[in-house]
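Okay, structure first, notes after.
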Amino acid sequence: GFGAEVRGISARLLATAPAKMVEGTVLSGRMASLVCAALLNACNNATPPSPKTAWRLVCSDLCRTAVQRALGDYALRVTRIYNHLPTSDHDLHRWHAKQRANAHSTFKGVAIGEEAGEYLERLDGELLGLQEKLCLDNERASRVVARELLESLYHPVHQGITSGHIVSLPEYQRHRDKIRCEYDRMTVGLSAYTCRLVQ
């Protein structure tokens with residue numbers, strides 16, 4: 001029918017018409033609508049409509065969207081890693097480096113324009129803040145585990161002292177040295193800084 005013919009003509013036009021581009025970027029429907037909206041706003045505000053200014057607004061909007069999307073993806077992965085805390089400093093920094101690279105990839109897939117570099121710096125600042133919070137939470141979790149471990153390792157020694165089986169300082173020091181070696185071995189997967197504090 002008539003409707004099918006119209007859809008067919010539209011499909012052929014879209015398939016053969018050259019893509020509309022601004023400064024080397026192919027316009028999507030959303031970009032085109034944002035450019036039109038910016039030009040209309042300029043007219044309504046009695047300011048000279050400038051395609052360059054309108055395009056800059058489009059770029060800024062897409063860069064903000066890119067930052068939000070990248071931060072959202074990172075935040076989602078942070079909630080998942082909390083189930084695996086505490087972990088070692090090395091593993092945590094390696095995880096962050098991987099997720100930062102993923103966030104950059106997400107950002108670059110959306111952001112356009114000359115201001116993209118500035119927005120990427122903002123993204124890195126936000127990611128750094130999230131990483132610092134994650135490191136602090138990892139240290140807290142490590143502190144709890146390390147303290148419980150140290151108390152359990154020293155418990156037999158304290159019993160030996162109170163029962164009179166450990167009666168000399170050299171004997172106590174031998175037990176302490178063994179406990180420290182065992183503690184170091186068992187806390188490899190925790191925050192090193194926190195483990196030193198607890199010890």
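The values are calculated or read from the model by the stated rules, or taken from the named source; none is laboratory data. Given the structure is predicted, the values throughout are model-derived calculations rather than measurements. Backbone-built Cβ (ideal geometry, glycine too); neighbour counts: all protein chains shown. Keep in mind that these areas ignore ligands, DNA and RNA; they rest on the heavy atoms of the full protein, side chains included. Shrake-Rupley method; radii C 1.70, N 1.55, O 1.52, S 1.80 Å.
Looking at the structure I just gave you, is A103 surrounded by 14 or more Cβ atoms within 10 Å (Cβ to Cβ), free of Cβ contacts under 8 Å to residues at least 24 places away in the same chain and within 26 Å of R122 (Cβ to Cβ)?
Details: surrounded by 14 or more Cβ atoms within 10 Å (Cβ to Cβ): yes; free of Cβ contacts under 8 Å to residues at least 24 places away in the same chain: no; within 26 Å of R122 (Cβ to Cβ): yes.
Answer is no for this residue.
Would you pick out the residues in the range 78-113 that are of a type in the set (D, E, K, R) and more than 15 Å from N138 (Cα to Cα)? Please lay out each step first, then the result.
So the first thing to find is which residues in the range 78-113 are of a type in the set (D, E, K, R), and the list is 80, 89, 91, 94, 98, 100, 108.
If the condition is that a residue be of a type in the set (D, E, K, R) and more than 15 Å from N138 (Cα to Cα), then K98, R100, K108 are the ones that fit.
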Exactly one condition in (1) open to solvent by 80 Å² or more (accessible area, probe 1.4 Å); (2) under 20 Å from R64 (Cα atoms); (3) modelled with pLDDT of 75 or more is not met by E23; state its number.
-> (3)
Cβ-Cβ under 8 Å pairs, at least 6 apart or on other chains, the range 5-19 side within 15 Å of G29 (Cα to Cα), far side at pLDDT below 75 and among the β-branched types (V, I, T) = A19/V26
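Of the residues G160, G113, which single one is surrounded by 11 or more Cβ atoms within 10 Å (Cβ to Cβ), out of contact with any Pro (no Cβ under 8 Å at 6 or more places or on another chain), at pLDDT 85 or above and on the phi > 0 side of the Ramachandran plot?
Numbers: G160 fails: on the phi > 0 side of the Ramachandran plot.
One residue alone meets the criteria, G113.
Evaluate the range 175-198: report whether one residue or more is part of a loop (DSSP other than H, G, I, E, B), modelled with pLDDT of 85 or more and surrounded by 11 or more Cβ atoms within 10 Å (Cβ to Cβ). Can you show your working first?
Our first condition is that a residue be part of a loop (DSSP other than H, G, I, E, B); within the range 175-198, this holds for 187-191.
Filter once more, keeping what is modelled with pLDDT of 85 or more: none.
For the range 175-198, residues part of a loop (DSSP other than H, G, I, E, B), modelled with pLDDT of 85 or more and surrounded by 11 or more Cβ atoms within 10 Å (Cβ to Cβ): absent.
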